[in-house]
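S.K.: Before I ask anything, let me first share the structure, which is written out below as structure tokens.
The values are calculated or read from the model by the stated rules, or taken from the named source; none is laboratory data. All values derive from a computational prediction rather than experimental measurement. Quick reminder, even Gly has a Cβ in these numbers, built from the backbone with ideal geometry, and neighbours come from all protein chains shown.
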Amino acid sequence: MKMKYITQGLALLVLTVFFSSCLKDDRYVDFGASGTIVEFPLGGKINFAADAITETPDPSDNSTIVREFAVNVASPELPTKETKLTLAVDNSIVADYNKSQSVVSYEAFPTDAFKFTNTSVSIAAGKRVAIVSVTFYKAKLDPSKSYMLPIKIADAGGLNISANKGIHYYHIIGNDFAGTYIYDYRRYQNGTGPGPGKIPSKGEGLPPDITNDPNTKVAISPITPTSFSMVTNYNGQNVAYTVSFTRTVDGSIVRYTDWQVTFDDDNLKKWADAGITNKVAPAFTLPPPATSTDPKFFELNYVSGGASGRYIDDTYHK
């Protein structure tokens, strides 16, 4: 099954709100003075996070992901004639972006890992918006590497191109542990869990009083090539672990050391707002993977809740 991710609805919503109320608002560009501007409504660095390709596609469909996006003619009046545009992939933007930051070093997408054929776009007279698409083949990529596919408005037929929203920065952050996992949640009605030295995933000690559906699937989402986040189920607040590690290559083996796990302040505020206190910081119940040959299995625990707290044990495994 092809997985299709459509930004058309959001783009049209943005446009409807924008053009109905903001054209002459001094917080925005006055198009009456500046003329017509062609843009990606949801593009630019301001929307960089939204251009992250984090979906885990169905491998039976060659790991295909389709992203649709809008091209917009922003003007004080509806265009009275057809607007012809040219879009293009420009890999020189990858190097420029890497120079602007040092967190993630991106490579250009291999040519066989995407398909973008909507390079010539026509917007009919009386219309502002065209919807185009780009297809990604995630199975063609090295999951440990980070890639960027910059799509720009290369030519607007003499119209002005937005300086801030003239590029879509589609990108994938490489991380050895990103992807979809089976998630098991166990809650103990106490602050001590199954008992000293007992491992919940092995069925040792006291049984939990609450568990989840054993077929639950969750995503481990990359933050950087050596850090990721994953959500715990306690209290339904979507609090996420932030996990980091050091990655080294030893011949054909990749080694992982210096594992750390935390709840950051923004996540803890979700619990605080719900009257919940984190009493024991998160920790690994079992050691995480030491090498790339180890199973991708994580078991973590913490204590949060009211007076006595609740012991939570989470496992994530392929």
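S.K.: Could you check how many residues of segment 137-164 are out of contact with any helix residue (DSSP H, G or I) (no Cβ under 6 Å at 6 or more places or on another chain) and either over 18 Å from Lys84 (Cα atoms) or assigned by TED's automatic domain parsing to the domain that holds Gly236 (or both)? So that I can check it myself, show each step before the final result.
M.R.: Let us first name the residues in segment 137-164 that are out of contact with any helix residue (DSSP H, G or I) (no Cβ under 6 Å at 6 or more places or on another chain), namely 138-139, 142-147, 149, 151-164.
Pick out the ones that are also either over 18 Å from Lys84 (Cα atoms) or assigned by TED's automatic domain parsing to the domain that holds Gly236 (or both) and you get 138-139, 142-147, 149, 163-164.
Number of matching residues: 11.
S.K.: While we're on this one: Is it fair to say Asp250 is under 22 Å from Asp294 (Cα atoms), modelled with pLDDT of 95 or more and either in the same structural domain as Ser102 (by TED's automatic domain parsing) or surrounded by fewer than 19 Cβ atoms within 10 Å (Cβ to Cβ) (or both)?
M.R.: Values: under 22 Å from Asp294 (Cα atoms): yes; modelled with pLDDT of 95 or more: no; either in the same structural domain as Ser102 (by TED's automatic domain parsing) or surrounded by fewer than 19 Cβ atoms within 10 Å (Cβ to Cβ) (or both): yes.
Against the criterion (under 22 Å from Asp294 (Cα atoms), modelled with pLDDT of 95 or more and either in the same structural domain as Ser102 (by TED's automatic domain parsing) or surrounded by fewer than 19 Cβ atoms within 10 Å (Cβ to Cβ) (or both)), Asp250 does not qualify.
S.K.: Of everything in segment 263-279, what is surrounded by 14 or more Cβ atoms within 10 Å (Cβ to Cβ) and either in contact with a Gly (Cβ under 9 Å, 6 or more places away or on another chain) or not in a loop (DSSP other than H, G, I, E, B) (or both)? Give them in sequence order.
M.R.: Quick first cut of segment 263-279, residues surrounded by 14 or more Cβ atoms within 10 Å (Cβ to Cβ) only: 263, 267-268, 270-271, 276, 278-279.
Within segment 263-279, Asn267, Leu268, Lys270, Trp271, Ile276, Asn278, Lys279 meet the criteria.
S.K.: Hey, another quick one. Can you tell me which residue in segment 253-292 is nearest to Tyr316 (Cα to Cα), limited to those that are at pLDDT below 95 and of a type in the set (Val, Ile, Thr)?
M.R.: Val254
S.K.: Evaluate segment 100-120: report whether one residue or more is at pLDDT 95 or above, touching a helix residue (DSSP H, G or I) at 6+ places or on another chain (Cβ under 8 Å), part of a helix (DSSP H, G or I) and exposed (fewer than 12 other Cβ atoms within 10 Å of the Cβ).
M.R.: yes
S.K.: Here's a follow-up. So Ala163 ticks every box in (1) on the phi > 0 side of the Ramachandran plot; (2) within 25 Å of the chain's Cα centre (by Cα); (3) without any contact (Cβ under 8 Å) to a residue 12 or more places away in the chain but one. Which box is left unticked?
M.R.: Unmet for Ala163, out of (1) on the phi > 0 side of the Ramachandran plot; (2) within 25 Å of the chain's Cα centre (by Cα); (3) without any contact (Cβ under 8 Å) to a residue 12 or more places away in the chain: (1).
Here is a yes/no grid of residues against (1) at pLDDT 90 or above; (2) farther than 16 Å from Ser146 by Cβ; (3) not basic (Lys, Arg):
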{"residue": "Ser20", "(1), (2), (3)": "no, yes, yes"}
{"residue": "Asp58", "(1), (2), (3)": "no, yes, yes"}
{"residue": "Phe69", "(1), (2), (3)": "yes, yes, yes"}
{"residue": "Lys81", "(1), (2), (3)": "yes, yes, no"}
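S.K.: Go through the residues of segment 123-136 one by one and say whether even a single one is in contact with a Lys or Arg (Cβ under 8 Å, 6 or more places away or on another chain), surrounded by fewer than 20 Cβ atoms within 10 Å (Cβ to Cβ) and farther than 26 Å from Thr80 by Cα.
M.R.: yes
S.K.: Can you pull out every residue in segment 65-94 that is touching an Asp or Glu at 6+ places or on another chain (Cβ under 8 Å) and buried (at least 16 other Cβ atoms within 10 Å of the Cβ)? Even if it seems obvious, please write down each step before you answer.
M.R.: Of the residues in segment 65-94, the ones touching an Asp or Glu at 6+ places or on another chain (Cβ under 8 Å) are 65, 71-72, 74, 85-86, 94.
Passing the criteria: Ile65, Val71, Asn72, Ala74, Leu85, Val94.
S.K.: Let me ask something else. Restricting to segment 231-243, count the residues that are under 17 Å from the mean Cα position of the chain (by Cα) and either in a loop (DSSP other than H, G, I, E, B) or more than 14 Å from Pro289 (Cβ to Cβ) (or both). Show your work before the answer.
M.R.: Keep residues of segment 231-243 that are under 17 Å from the mean Cα position of the chain (by Cα), which gives 231, 238-243.
Okay, now just the ones that are also either in a loop (DSSP other than H, G, I, E, B) or more than 14 Å from Pro289 (Cβ to Cβ) (or both), so 231, 238-242.
Of the residues in that region, 6 qualify.
S.K.: Filtering segment 142-196 down to residues that are assigned to a loop (DSSP other than H, G, I, E, B) and hydroxyl-bearing (Ser, Thr, Tyr), which residue is farthest from Thr232 (Cα to Cα)? Break it down into steps so the answer makes sense when it comes.
M.R.: First, the residues of segment 142-196 that are assigned to a loop (DSSP other than H, G, I, E, B): 142-146, 156-159, 162-166, 173-178, 189-196.
This time we only want the ones that are hydroxyl-bearing (Ser, Thr, Tyr), so: 144, 146, 162, 192.
Values: Ser144: 25, Ser146: 26, Ser162: 41, Thr192: 18 Å.
Filtering first and then ranking leaves Ser162.
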